[in-house]
Amino acid sequence: AAAADRRRFAYESAAEQLRVASRLVTERGGAPTPRLLVELAQAELSGGRLRAARQAFRSAADNHDLSAPGDPVVLAEAAIGLGGIWVFEHRLADEVAAFHGLLRRALDGLGATRPDLRARIRLRLATEAVYLGTGTIDQARDALDEVRSTGDQLALAEGLSLFHHVTLGPQHADERRPIAEELVTTASAAGDAVLTLMGVLWRTIDLLLDGDPAAARSLQELRQRADALQVHAVLYIVSLLDVMAALRAGHIDEAEAASEQCFTRGTEIGDADAVGFYAAQLLVIRWLQGRSAEILPLARDVAASPTVVARDRAFSAALAVLAADVGGPATDEARKELDSLVAGGIDRLPWSSSWLVTFFCVVEAAAAVDDERAAALAYDLMKPFAGRPAMASLAIACLGPVARSLGLASRTAGRIDEAVAHLEAAVDESRQLGNRPFFALSQADLAATLTVRGAPGDAARAASLADEAVAALDEMGLNAKADRIRAARPGPPAPPVVAEVGVLHFTGGTWDLRVGDDHVVLADGVGLRYLARLLAAPGVEIGADELAGPGLVGARQDVIDEKALHTYRDRIRDLQEDLQEAEDAADLGRVEKLRLELDNLLEHVGAQMGLGGQSRSFADERERARTAVQKALRRAIDRVRAAAPELGEALLGSVRTGSLCSFEPGDTLPRRWDVTGPR
């Protein structure tokens, strides 16, 4: 019955049949045979339940050792299966040693028999050695050729998938795609739906890593196949790619909620990278939000975690970026991490799926702490990969185009014209990638670089680019990034504020604000009430939820209702039909008009929808409070800026918003305030 279920791709049902059989044997006082346990493990692995598969394969190997005489074929199949569908699923030193020992024991047990199994074991050992740094790609390639020589198509398909996994570094970009296509062809011919699915997965990741527009269509095919087969390990990767797409689209809060769901899913199935993938996505989100201080402790823990590949320095480099972003005393930590990377031989950092992300972080940190040497070294190493996106691992996060890193590195090294050229390319490539946050950041970086260059026309162009970047970042809720760009805008230095005491009084329904010679009268508003609380306690952090009070608590509220959604869908369908008629009639003018209307409508609806086509909903209570307080304070300060620009700019630079809000006056505003609020 289990075999029949597997033939019709019902892997969960097959596994359940075998679990029942194993339970019945145990209830009758016996022990499940190693062969039964291997078949159970293979069914679990086909369904993508990685932890359950590992447990069953390990039990099969243990039971084999207790049986006399053992079956060397069963032991070999258990050893091979224990490796899972990825390379390096075993991370702790004792687990790695035990797994590799089992593989070698199984290889010895086969003797001269079963060349297909011997070749599969040698390829697994070779690919694992690449990850450990004890083997090379060429050795893995030779092992793959040995598998190919056996003539076993299923063994070859499995081997192609493993070999593809160890070629994810950018230097192997040209080699990867043919491997993925051969995997799809080989697995399909052999009738193995799961290995065919793995081929589609690798092809999709290759397209994403190359920044190829065809990735969207391939991802849709991958989603449909994985859903039909219910291979949970692949569905987990698809959900991670959805988070990446949401981040590219600028839906930051939505991406964060989805990433948390991915983490739960990944830990449930037993993916060895669940913690690393979640940490990587959360680090990107917090960095974009300007909340690096909140995530810095997690970055330290992950960088030191034994579950992270020991030779992978991406999290150490990320720690340098976050520490530099926090600034102040943390800048020393950033310099220490950066110095460690450079001193160890930055040109000798091992190739891996996170290589480009590692160097993205090196450049970002070098630019923040003005390390010309690190920036110049990183530039030379990244230059061959211009034109590609900087993506993490299995394309789970996109940090914009490599061109942006090249631009920042050039500017830090003092090569300003070169930096402008790279950053202009970064703006264009970010637009093509559809990466809204990094499109805005690239615009801001270009604006800052044009300001440094100061050629004729640069100032006006820089101002326009900065304005666009600020507006886009504010729209995406990335207000801290926007504030930094505002603060960095060139202009005459503001005169120091010499007043010893600031005054903010509420009288007769209006607020009276006085600082030195500046005097502003403002109508009441919730943002001014929040501002009064902060000014009354300089340097004291007050929770956004405390400022907002209980009024923001509420149930889920959809951004777009069902009736409106049906109306939009009907109009989209009508436009698609009209567009087809116009194209058939070669009516180019009408085609252009209809396509413009359709694109605008799809973009509008898409902005209102969440992952999986569900209506987006407003964030949870704490996040709503943070967002509401941040926006209210910004509106209040903008009103001050409109009446007293210099005072408004000083407030903008002194009011900190986020989960915790505070007023940090520095040298530009009084530290003592006379505040009287509404009674």
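The values are calculated or read from the model by the stated rules, or taken from the named source; none is laboratory data. From a predicted model like this one, the values you see are computed outputs, not experimental measurements. Reconstructed Cβ throughout: ideal geometry from the backbone, glycine too, with neighbour counts over all protein chains shown.
Scan (1) on the phi < 0 side of the Ramachandran plot; (2) free of Cβ contacts under 8 Å to residues at least 40 places away in the same chain; (3) over 37 Å from the mean Cα position of the chain (by Cα) for the single condition G111 breaks and write down its number.
The single condition G111 does not satisfy is (1).
Of the residues that make up segment 445-458, is at least one in contact with a strand residue (DSSP E or B) (Cβ under 8 Å, 6 or more places away or on another chain) and part of a helix (DSSP H, G or I)? Explain how you work it out, then say what you get.
We begin by selecting, within segment 445-458, every residue in contact with a strand residue (DSSP E or B) (Cβ under 8 Å, 6 or more places away or on another chain); these are none.
Within segment 445-458, none of the residues are in contact with a strand residue (DSSP E or B) (Cβ under 8 Å, 6 or more places away or on another chain) and part of a helix (DSSP H, G or I).
Count, please, the residues in segment 129-146 that happen to be closer than 11 Å to T167 by Cα and aliphatic (A, V, I, L, M).
Of the residues in segment 129-146, 3 are closer than 11 Å to T167 by Cα and aliphatic (A, V, I, L, M).
Just to check your reading of the model, which residue among L168, L156 is assigned to a loop (DSSP other than H, G, I, E, B), surrounded by 18 or more Cβ atoms within 10 Å (Cβ to Cβ) and assigned by TED's automatic domain parsing to the domain that holds F88? Break it down stepwise before answering.
Numbers: L156 fails: assigned to a loop (DSSP other than H, G, I, E, B).
Of the residues listed, the single one that is assigned to a loop (DSSP other than H, G, I, E, B), surrounded by 18 or more Cβ atoms within 10 Å (Cβ to Cβ) and assigned by TED's automatic domain parsing to the domain that holds F88 is L168.
Hey, could you check segment 246-273 for residues that are among the acidic types (D, E) and surrounded by fewer than 23 Cβ atoms within 10 Å (Cβ to Cβ) and say which is farthest from N479 (Cα to Cα)?
So the residue we want is E268.
Please tell me if F277 is under 30 Å from E12 (Cα atoms), of a type in the set (A, V, I, L, M, F, W, C) and free of Cβ contacts under 8 Å to residues at least 40 places away in the same chain.
On the way: under 30 Å from E12 (Cα atoms): yes; of a type in the set (A, V, I, L, M, F, W, C): yes; free of Cβ contacts under 8 Å to residues at least 40 places away in the same chain: no.
Answer is no for this residue.
As an exercise: evaluate A98 against (1) at pLDDT 95 or above; (2) closer than 22 Å to G159 by Cβ and give the number of the one condition it does not meet.
In the conditions (1) at pLDDT 95 or above; (2) closer than 22 Å to G159 by Cβ, A98 misses (2) alone.
Determine whether segment 25-37 contains at least one residue that is more than 22 Å from P72 (Cα to Cα), touching a Gly at 6+ places or on another chain (Cβ under 9 Å), not aromatic (F, W, Y) and not assigned by TED's automatic domain parsing to the domain that holds A274. Steps first, please.
The initial filter retains those residues of segment 25-37 that are more than 22 Å from P72 (Cα to Cα), namely 25-29.
Among the residues that remain, those that are also touching a Gly at 6+ places or on another chain (Cβ under 9 Å) are: none.
Within segment 25-37, none of the residues are more than 22 Å from P72 (Cα to Cα), touching a Gly at 6+ places or on another chain (Cβ under 9 Å), not aromatic (F, W, Y) and not assigned by TED's automatic domain parsing to the domain that holds A274.
Restricting to helices (runs of 4 or more DSSP H) lying wholly in segment 299-388: which have 3 or more residues that are within 18 Å of the chain's Cα centre (by Cα)? If you could, list the steps in order and put the result at the bottom.
On the way: elements: 314-326, 330-343, 355-369, 372-382.
Qualifying helices (runs of 4 or more DSSP H): 314-326, 355-369.
Mind listing whichever residues of segment 664-679 are in contact (Cβ under 8 Å) with a residue 40 or more places away in the chain and part of a loop (DSSP other than H, G, I, E, B)?
From segment 664-679, those in contact (Cβ under 8 Å) with a residue 40 or more places away in the chain are 664-665, 667-678; that's our starting set.
E664, P665, D667, T668, L669, P670, R671, G677, P678 - these are the residues of segment 664-679 that are in contact (Cβ under 8 Å) with a residue 40 or more places away in the chain and part of a loop (DSSP other than H, G, I, E, B).
Identify, by number, the condition in (1) assigned to a helix (DSSP H, G or I); (2) farther than 30 Å from S659 by Cβ that D474 doesn't meet.
It fails just one condition, (2).
Of all the residues that make up segment 1-55, how many are under 25 Å from A272 (Cβ atoms) and among the aliphatic types (A, V, I, L, M)?
12
So that you can scan it fast, the table gives a plain yes or no per residue for (1) of a type outside the set (V, I, T); (2) surrounded by fewer than 19 Cβ atoms within 10 Å (Cβ to Cβ); (3) within 21 Å of I396 (Cβ to Cβ); (4) at pLDDT 95 or above:
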{"residue": "E181", "(1), (2), (3), (4)": "yes, yes, no, yes"}
{"residue": "A189", "(1), (2), (3), (4)": "yes, yes, no, yes"}
{"residue": "W202", "(1), (2), (3), (4)": "yes, no, yes, yes"}
{"residue": "L208", "(1), (2), (3), (4)": "yes, no, yes, yes"}
{"residue": "Q220", "(1), (2), (3), (4)": "yes, yes, yes, yes"}
{"residue": "V231", "(1), (2), (3), (4)": "no, no, yes, yes"}
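Scan (1) modelled with pLDDT of 85 or more; (2) among the β-branched types (V, I, T); (3) surrounded by fewer than 17 Cβ atoms within 10 Å (Cβ to Cβ) for the single condition V498 breaks and write down its number.
(1)
If I go through segment 375-423 residue by residue, how many of them are β-branched (V, I, T) and either at pLDDT below 95 or within 11 Å of F359 (Cα to Cα) (or both)? It would help to see each step written out before you state the result.
Quick first cut of segment 375-423, residues β-branched (V, I, T) only: 396, 402, 412, 416, 420.
With the extra rule that they be either at pLDDT below 95 or within 11 Å of F359 (Cα to Cα) (or both), the set shrinks to 402.
Going through segment 375-423 one residue at a time, the tally reaches 1.
So, in segment 108-126, of the ones that are among the small types (G, A, S) and modelled with pLDDT under 95, which residue ends up surrounded by the most Cβ atoms within 10 Å (Cβ to Cβ)? Walk me through how you get there before you give the answer.
Residues of segment 108-126 that are among the small types (G, A, S), as a first pass: 109, 111-112, 119, 126.
With the extra rule that they be modelled with pLDDT under 95, the set shrinks to 109, 111-112.
Numbers: G109: 18, G111: 9, A112: 6.
Result: G109.
Suppose we filter A323, A304, A343 for residues that are farther than 24 Å from Y278 by Cβ, of a type in the set (A, V, I, L, M, F, W, C) and assigned by TED's automatic domain parsing to the domain that holds R415; which single one remains?
Details: A323 fails: farther than 24 Å from Y278 by Cβ; A304 fails: farther than 24 Å from Y278 by Cβ.
Just one listed residue meets the conditions, A343.
At pLDDT 85 or above, buried (at least 22 other Cβ atoms within 10 Å of the Cβ) and aliphatic (A, V, I, L, M) - does that describe any residue in segment 289-306?
Yes, segment 289-306 contains at least one residue that is at pLDDT 85 or above, buried (at least 22 other Cβ atoms within 10 Å of the Cβ) and aliphatic (A, V, I, L, M).
Which of the residues belonging to segment 409-451 are in contact with an Asp or Glu (Cβ under 8 Å, 6 or more places away or on another chain), farther than 20 Å from C361 by Cα and surrounded by 23 or more Cβ atoms within 10 Å (Cβ to Cβ)?
L450
Considering only residues that are part of a helix (DSSP H, G or I) and touching a Gly at 6+ places or on another chain (Cβ under 8 Å), look in segment 64-87 and name the one that is modelled with the lowest pLDDT. Write out each step before concluding.
Just the residues of segment 64-87 that are part of a helix (DSSP H, G or I), to begin with: 64-66, 72-82.
Of the ones still in play, those that are also touching a Gly at 6+ places or on another chain (Cβ under 8 Å) are 64, 72, 75-76.
Numbers: H64: 79, P72: 93, L75: 95, A76: 96.
Ranking the candidates gives H64 first.
Just give me the residues in segment 517-553 being among the charged types (D, E, K, R), part of a loop (DSSP other than H, G, I, E, B) and at pLDDT 90 or above, in sequence order. Can you show your working first?
From segment 517-553, those among the charged types (D, E, K, R) are 517-518, 524, 529, 533, 541, 545-546; that's our starting set.
With the extra rule that they be part of a loop (DSSP other than H, G, I, E, B), the set shrinks to 517, 524, 541.
E541, the sole residue that qualifies.
Restricting attention to segment 508-516, does a residue exist that is in a helix (DSSP H, G or I) and modelled with pLDDT under 90?
Just the residues of segment 508-516 that are in a helix (DSSP H, G or I), to begin with: none.
No: zero hits.
Which of the residues spanning segment 506-541 are β-branched (V, I, T) and either within 15 Å of R679 (Cβ to Cβ) or not assigned by TED's automatic domain parsing to the domain that holds R671 (or both)?
At the first step, the residues of segment 506-541 found to be β-branched (V, I, T) are 507, 510, 515, 520-521, 526, 540.
If the condition is that a residue be β-branched (V, I, T) and either within 15 Å of R679 (Cβ to Cβ) or not assigned by TED's automatic domain parsing to the domain that holds R671 (or both), then T507, T510 are the ones that fit.
Has segment 7-14 got any residue that is at pLDDT 95 or above, part of a helix (DSSP H, G or I) and not basic (K, R)?
If we filter segment 7-14 for residues that are at pLDDT 95 or above, which is where we start, we get none.
Taking every residue of segment 7-14 in turn, none turns out to be at pLDDT 95 or above, part of a helix (DSSP H, G or I) and not basic (K, R).
Out of all the residues in segment 183-191, is one or more of a type outside the set (V, I, T), assigned to a helix (DSSP H, G or I), within 27 Å of R388 (Cβ to Cβ) and not assigned by TED's automatic domain parsing to the domain that holds R148?
no
Read through the list (1) over 20 Å from F506 (Cα atoms); (2) at pLDDT below 85, then give the number of the only condition that R679 fails.
If we test R679 against (1) over 20 Å from F506 (Cα atoms); (2) at pLDDT below 85, just (1) comes out false.
When you look at A52, is it surrounded by fewer than 23 Cβ atoms within 10 Å (Cβ to Cβ), at pLDDT 95 or above, under 22 Å from V234 (Cα atoms) and not acidic (D, E), yes or no?
Working: surrounded by fewer than 23 Cβ atoms within 10 Å (Cβ to Cβ): yes; at pLDDT 95 or above: yes; under 22 Å from V234 (Cα atoms): yes; not acidic (D, E): yes.
Criteria met by A52.
Take segment 120-139 and flag every residue that is of a type outside the set (F, W, Y), touching a residue at least 40 places away in the same chain (Cβ under 8 Å) and assigned to a helix (DSSP H, G or I). Give the derivation first.
Restricting attention to segment 120-139, the residues satisfying the condition of being of a type outside the set (F, W, Y) are 120-130, 132-139.
The next check asks that each one be touching a residue at least 40 places away in the same chain (Cβ under 8 Å); those that pass are 120-121, 123-124, 127-128, 130, 132-133.
Matches in segment 120-139: R120, I121, L123, R124, T127, E128, V130, L132.
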